[in-house]
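The values are calculated or read from the model by the stated rules, or taken from the named source; none is laboratory data. Predicted model only: the values in this text are computed from it and were never measured. For neighbour counting, all protein chains shown are included, and Cβ atoms are generated from backbone atoms with ideal geometry for every residue, glycine included. Accessible surface areas use protein heavy atoms only, side chains included; no ligands, DNA or RNA. Shrake-Rupley method; radii C 1.70, N 1.55, O 1.52, S 1.80 Å.
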Amino acid sequence: MFEPVTLRAITDLNRPAVLDLRVAAGQESFVDGVVRSLRDAAEHPELAPWPRAVYAGERPVGFMMLADGVAEGNPDVPWPFYLWRMLIDGRFQGRGYGRAALDAAVAHLRSGPDARELVTSVVPGEGSPLGFYLRYGFAETGEMFDHERVLRLAL
């Protein structure tokens, strides 16, 4: 197995290490990086961003950001709970950290009273994380969000 995986707030102390996280070569077209994600969070507070560093033990291995309680009718993100970004650094992929990070995010959402489903969207194509999300339990909806396929996970 591996060290316990936790989701931690991004602070001045861990920010440099989190900003250094990168997906593996060839995966850049499937997920925006941490810098872009944190900028999006700052520019869109109405999307209730919940950015977190994914830690394995005491080492940051990834990044996740939820839209955590988006108001109904928002034109940019039409779901209350949306997995906006998730990446595991290329050096740490294939060790179960992505699944464990999703487990932690699902536990976070289930701890609140309102979350019934988590929605995400993925860019299709060779090397896409689509298979990962389907194996986790997300289901395709047949919908598109911009150029991405929409997936839902019942909570």
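What is the dipole size for region 2-155, taken about its Cα centre, with +1 at each Lys and Arg Cβ and -1 at each Asp and Glu Cβ, in debye to the nearest 20?
I would put it at about 560 debye.
Would you please put 100-112, 14-26 in order of how densely packed they are, using the mean number of other Cβ atoms within 10 angstrom per residue and starting with the highest?
100-112, 14-26
Give me the percent of the accessible area of the chain that comes from carbon and sulfur atoms, probe 1.4 Å, all protein chains in place.
52 percent
Once a ≥ b ≥ c are taken as the square roots of the eigenvalues of the Cα gyration tensor of region 33-97, is the result rounded (a/c under 1.5), prolate (a/b larger than b/c) or oblate (a/b not larger than b/c)?
prolate
Might you tell me the accessible area per residue for region 26-155, computed with a 1.4 Å probe and given in Å²?
On a per-residue basis, region 26-155 sits at 49 Å².
Give, in nm to one decimal, the length gained when the segment between Arg22 and Glu72 is fully stretched (0.36 nm per residue of separation minus the Cα-Cα distance).
Using 0.36 nm per residue and subtracting the Cα-Cα distance, I get 14.7 nm.
So the label point goes 7 Å from the Cα of Asp114 along Cα→C-beta, right? Which residues of region 57-82 then have their backbone N under 18 Å from it?
Zone members listed by number: 66-82.
Just to be sure I understand, if you calculate Cα extents along the principal axes in Å for this structure, which of (1) 38, 34, 27; (2) 51, 31, 26; (3) 57, 36, 33 do you get?
(1)
Scan the chain and hand back the longest stretch that contains none of the GluC sites (Glu not before Pro) lying in DSSP loops with at most 16 other Cβ atoms within 10 Å.
It runs 73-125.
If each of Asn14 and Glu143 carries a label point 7 Å out from its Cα toward its Cβ, how far apart are those two points in nm?
Placing both labels 7 Å along Cα→Cβ, they lie 3.1 nm apart.
Expressed as a rounded percentage, what relative contact order does the chain have, with Cα pairs under 8 Å and six or more residues apart?
21 percent.
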